[in-house]
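Here the structure comes first, spelled out in structure tokens, and everything after it is commentary.
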Amino acid sequence: MTPWMRKSGSRAAAAIAMAGGLALLLTPAAAQPPRPPTIVTLCAPCHGVKGDGGDVEKPNLAGQKSIYLRLQLLAFRSGKRKHPQMRSVVRNLNDREIDQLVVYYSTLVP
Ligand code: HEC
């Protein structure tokens, strides 16, 4: 045991425990990795569950702005943005499913 621990070991331990508890309390929900919605299995083959595609064939989605993701998905769905693969994947998604995917991918840290 080092001298500082012998002198104030229990007090230090209590302080550390308190700080740990406080840190847990103060940790915002966003700091936890977001849980993928079930529907992400539709996107994962190309974009990955973590949205970290990173090339022209698999554009990165992680951390992309939610407004951008939503607009792109709506445009693919309506056919305004033309891409046969993306269209066929999103054409049957409802607004709620699109929202889930937007929230999920935009909260991932790229
Ligand atoms: C078959 C492969 C494939 C699947 C499955 C797929 N994507 Fe894509 N996605 C692509 C490709 C390729 C592009 C690039 C389109 C282009 O070049 O315009 C793209 C583009 C996008 C973009 C636009 C990215 C940008 O930077 O503008 C978004 C957003 C997107 N996909 C989301 C999704 C979501 C959400 C799903 C699941 C519902 C999904 N994709 C499923 C292949 C796929």
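Counting only residues that are open to solvent by less than 30 Å² (accessible area, probe 1.4 Å) and closer than 19 Å to residue 36 by Cβ, the stretch 74-90 holds 1 of them.
Based on this model, can you work out whether residue 66 counts as under 10 Å from the mean Cα position of the chain (by Cα) and in contact (Cβ under 8 Å) with a residue 12 or more places away in the chain? Against the criterion (under 10 Å from the mean Cα position of the chain (by Cα) and in contact (Cβ under 8 Å) with a residue 12 or more places away in the chain), residue 66 does not qualify. Checked against the criterion of being away from the ligand (no atom under 11 Å from the Cβ) and either within 26 Å of residue 110 (Cβ to Cβ) or modelled with pLDDT of 90 or more (or both), the candidates 58, 50 yield just one match: 50.
Scan the stretch 42-63 residue by residue and report those that are closer than 18 Å to residue 93 by Cα and open to solvent by 60 Å² or more (accessible area, probe 1.4 Å). Across the stretch 42-63, the qualifying residues are 42, 45, 46, 49.
Could you grab me the full set of residues in the stretch 61-86 that are more than 8 Å from the ligand (Cβ to nearest atom) and within 16 Å of residue 110 (Cβ to Cβ)?
62, 63, 65, 66
Scanning the stretch 87-110 for residues that are more than 9 Å from the ligand (Cβ to nearest atom) and either touching a residue at least 40 places away in the same chain (Cβ under 8 Å) or in contact with a Pro (Cβ under 9 Å, 6 or more places away or on another chain) (or both) gives 100, 103, 106, 107, 108, 109, 110. Scanning the stretch 61-110 for residues that are of a type in the set (Lys, Arg) and part of a helix (DSSP H, G or I) yields 70, 77, 87, 96.
Of the residues in the stretch 91-105, at least one is on the phi < 0 side of the Ramachandran plot, open to solvent by 60 Å² or more (accessible area, probe 1.4 Å), within 18 Å of the chain's Cα centre (by Cα) and of a type outside the set (D, E, K, R).
The values are calculated or read from the model by the stated rules, or taken from the named source; none is laboratory data. Keep in mind the model is a prediction, meaning the values are calculated, not measured. As a convention, Cβ positions derive from the backbone with ideal geometry for all residues, glycine included, and neighbour counts pool all protein chains shown. For the accessible areas, the whole protein counts, side chains as well, though only heavy atoms, and no ligand, DNA or RNA atoms are used. Shrake-Rupley method; radii C 1.70, N 1.55, O 1.52, S 1.80 Å.
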